[in-house]
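The values are calculated or read from the model by the stated rules, or taken from the named source; none is laboratory data. These numbers come from a predicted model, not from an experiment. Methodologically, a virtual Cβ is constructed for each residue, glycine included, from the backbone with ideal geometry; neighbour enumeration extends over all protein chains shown. SASA here: full protein model, heavy atoms, side chains in, ligands and nucleic acids out. Shrake-Rupley method; radii C 1.70, N 1.55, O 1.52, S 1.80 Å.
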Amino acid sequence: MLEVKQDSVLFSASSNKQYDLPFLWLRDNCQCNECRIVETQEKQFLLHTVPVDISPTNVELKDESLFVLWPDGHQSVIPLNKIEESGRSRYPEYKSWTSGFTPRKFDWNEFLSNKEIASDALQTFVSFGVIILNNAPKDLNSLELLSKRLGPIHETLFERIHNVSVTGQVYNVAHTSKGLPPHNDFASYQSQPSVQALHMLENECEGGDSIIVDGWKVVKDLKKNNPEYFKILREFNVPFRQFDENNETYAEAPMIKCKSDGSIESFRFSNQLMQMIDPDRQGIKDFYKAYHEVSARVHDSKYSSTFRLNGGEALIVASLRVLHARETFIPNGKRHLQDAYFVYDNALNNSLI
Ligand SMILES: [Fe+2]
């Protein structure tokens, strides 16, 4: 079925799905060699060079393609499979989880050497926001090697690869043996690191189990149960700061950010880095009620997955989604963790290779 309407073409594809294609869409998506750069498949045609009310003189369906003739004589060709492909979701589906969840483990060497295993691991990472690599080397700075799959390291001020041990430099609570409540790192950056790899080199201390929380699940439930609080946390800017004698990082941002379709893009949460908010700020009372509620949910055991990260294991989290935490430990042995950040876009797109 093919029908030319006032400003669009209606047709049914072989999948029986009906498409309503605007004339401007049809002109813009012409796949001919004139409208695209053949070598790169980039678009060359400029939409504003045709009238906004452009209308085809003829439309035909043949050889599994739409052929559209325009008043200036240009003929557009658009393969139907291209149209169908454009509606398919590109990435694995997001799957939320709660306390019963344990991250899937993949072998470090296989992740780096075997493309199929890497793709499976990265797709799992995209779905659940977390994986563990085991049999990892216990050598310093091994995290550099993960760039092969996760893209370049996202450096911050402070170290390129952070050392977390009680014997090193202390600029935040992670460098003590205290418990660490769920958070993501560097809430004090507007562009907060989006992937964090935590590589345990040695873990001989008693206690100090790792905890992860699906922050998106927490805020999705908050949205369902208390939409007003969700709205407040989307709109109210919160100050965060991390610093030492040489470095200063500071950002104000809402705790929840959403994409244009309303789905969650990031959850920024760090009790330790949150700064005093100007008490004169409008909405401060309501913000604090909403913050109290989301904090209670973040710390609710029903959302947290707890496990021991052993020496030679690397926990990788999609850090704008999955919060990490650590139970208190007794510093009666060696405990050395290194962490580094990567860019989620790179991990996401590498999951398709
Ligand atoms: Fe952290």
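Observations
- Against the list (1) closer than 21 Å to Tyr250 by Cβ; (2) not in a loop (DSSP other than H, G, I, E, B), the condition Phe158 fails is (2).
- Residues of the stretch 96-131 that are over 17 Å from Ala314 (Cα atoms), more than 18 Å from the chain's Cα centre (by Cα) and assigned to a helix (DSSP H, G or I): Lys115, Glu116.
- Pairs with Cβ under 7 Å, 6+ apart, first in the stretch 324-353 and touching a residue at least 24 places away in the same chain (Cβ under 8 Å), second part of a strand (DSSP E or B) and among the acidic types (Asp, Glu): Phe329/Glu206; Ile330/Glu206; Asn332/Glu206; Lys334/Glu202; Arg335/Glu202; His336/Glu202
- Considering the stretch 182-221, the residues that are under 15 Å from the mean Cα position of the chain (by Cα), open to solvent by 10 Å² or more (accessible area, probe 1.4 Å) and within 13 Å of the ligand (Cβ to nearest atom) include one that is nearest to Ala136 (Cα to Cα), namely Asp185.
- The strands (runs of 3 or more DSSP E) found wholly in the stretch 234-327 and carrying at least 3 residues that are open to solvent by less than 50 Å² (accessible area, probe 1.4 Å) occupy 238-243, 248-253, 264-267, 304-307, 313-318, 322-326.
- Checklist (1) closer than 30 Å to Glu293 by Cα; (2) open to solvent by less than 50 Å² (accessible area, probe 1.4 Å); (3) in a helix (DSSP H, G or I) applied to Lys224, failing item: (2)
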